[in-house]
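Notes for the one structure printed next.
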Amino acid sequence: MKYVAVTSSAAMIEKQLDEFIRHVKPIPGIKKNEDRQLFVSCMARSFSWHAGWVQSASTGSIASMEVFDPLKLAIRQKQEGHKMDAWWLTFLATWFGKHATTGWRLTAAIYTGLHSSKHWNWEAVSAAPELFEDWMSANQPLLMHSGRLGGLHKQELFDGYEAARATEMLGRFIRWWHIGYAENIGDAVMYAGQSPHALFRYMMRDVSEGLVIAPYHQYHFLTWAGLLGLADIQPDAAYLSNGSVYKKACRWFFYGKSPAKATGKELTQDLALLAAYLDTPFIFAVLEAAICNFYQRRQCEPSCR
């Protein structure tokens, strides 16, 4: 995917917001000037952060990794021709998530085989998925003390239940992706065409059927695959899971501090309308990070991710 780096200034973002408010609808969550300025700064940071990832994926230029980062490593693996391992790292990263305190330590412990000479990279897990699953089960206590679950997980502790759940999911991913990777991408292009949005929708259905995975995990996995240049895909709509901080943040943002019970469908439509005025690649990922950050700072709520 060719990508033009986003350099939207705060002034440009504010102008786009003004046009949206004037032509579409007011945004009660940023009615006050100080709230609007804070949101503009959150948007500018989110634009810059996402553009940095896509630019790094496009050029292959990443800073040295003093601390394990599966997403940066995925870029490096892709550049060195290990694309399957890049997909594996992206799935690990989006499944286990980055914890606010322990960071990527849990993912690092799994991928590096508890920092041993036996790394569980794609070559190793695809050659012996049963052996990998047995290793995960046997080493659950050590993995639990290595780090915590982050991202989309409500439960942070990698206990026996979470380990069994993760082991089953990773096993399904290995067998499904190992058999059908080339066919998955090829079929997507054949049936959906070259549109990154159409390809994303097709692959959402494909991942759902192949993995039986929660939609929000599908969405973030494929969004990151697009950001990292593993496939020419990107979402053309937001995903709001029930009970998520992001959904609560959007309701507060679009309807104020005492919001009406706007439905998920209505909020998704609101985000689509706003995205059209802030048109840029991966705008829904940019909006999610910005709205969550804004809401967290205004309401002292936990992060969306």
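Of note:
- Phi angles across the stretch 16-30 convert, under the Karplus curve 6.51 cos²θ - 1.76 cosθ + 1.60 with θ = phi - 60°, into 3J(HN,Hα) values of 5, 5, 4, 5, 4, 5, 6, 9, 10, 6, x, 10, x, x, 10 Hz, Gly and Pro given as x.
- Basic side chains Lys and Arg get +1 at the Cβ, acidic Asp and Glu get -1 at the Cβ, and with that the dipole of the stretch 1-120 about its Cα centre reaches some 180 debye.
- Stretch gain in nm, segment residue 145-residue 15, where the contour uses 0.36 nm per residue and the Cα spacing is subtracted: 42.0 nm
- Residue-count net charge about residue 124 - beta-carbon cut-off 15 Å; Lys, Arg +1, Asp, Glu -1: -3
- Of the cross-linked pairs 78/98; 32/154; 83/118; 32/247, those separated by over 23 Å at the C-alpha level are 32/154.
- Length added when fully stretched, residue 127-residue 209, from 0.36 nm per residue minus Cα-Cα: 27.2 nm
- Kirkwood hydrodynamic radius of the stretch 243-290, Cα pairs, Å: 11.1 Å
- Rounded to 0.05, the FRET efficiency of the residue 279 and residue 32 pair, given R0 = 35 Å and the Cβ-Cβ distance, is 0.85.
- For the stretch 4-97: rounded, prolate or oblate by the Cα gyration tensor [a/c cutoff 1.5]: prolate
- Seen from residue 76, the other residues with C-beta closer than 11 Å to its C-beta sum to a net charge of -1, counting Lys and Arg as +1 and Asp and Glu as -1.
- Table column - 3J(HN,Hα) (Hz), the stretch 69-85, Karplus curve with 6.51, -1.76, 1.60, x for Gly and Pro: 9, x, 6, 5, 5, 4, 4, 5, 5, 4, 5, 8, x, 9, 5, 5, 5
- Each of 212, 286, 24 was scored by other Cβ atoms within 10 Å of its Cβ. Listed from fewest to most, they are 212, 24, 286.
Taken together, the values in this text are just the output of simple stated rules run on the coordinates, not laboratory data. Here the structure is a predicted model, which is why all the values come from computation and not from measurement. Every residue, glycine among them, receives a Cβ derived from its backbone with ideal geometry; neighbour counts consider all protein chains shown.
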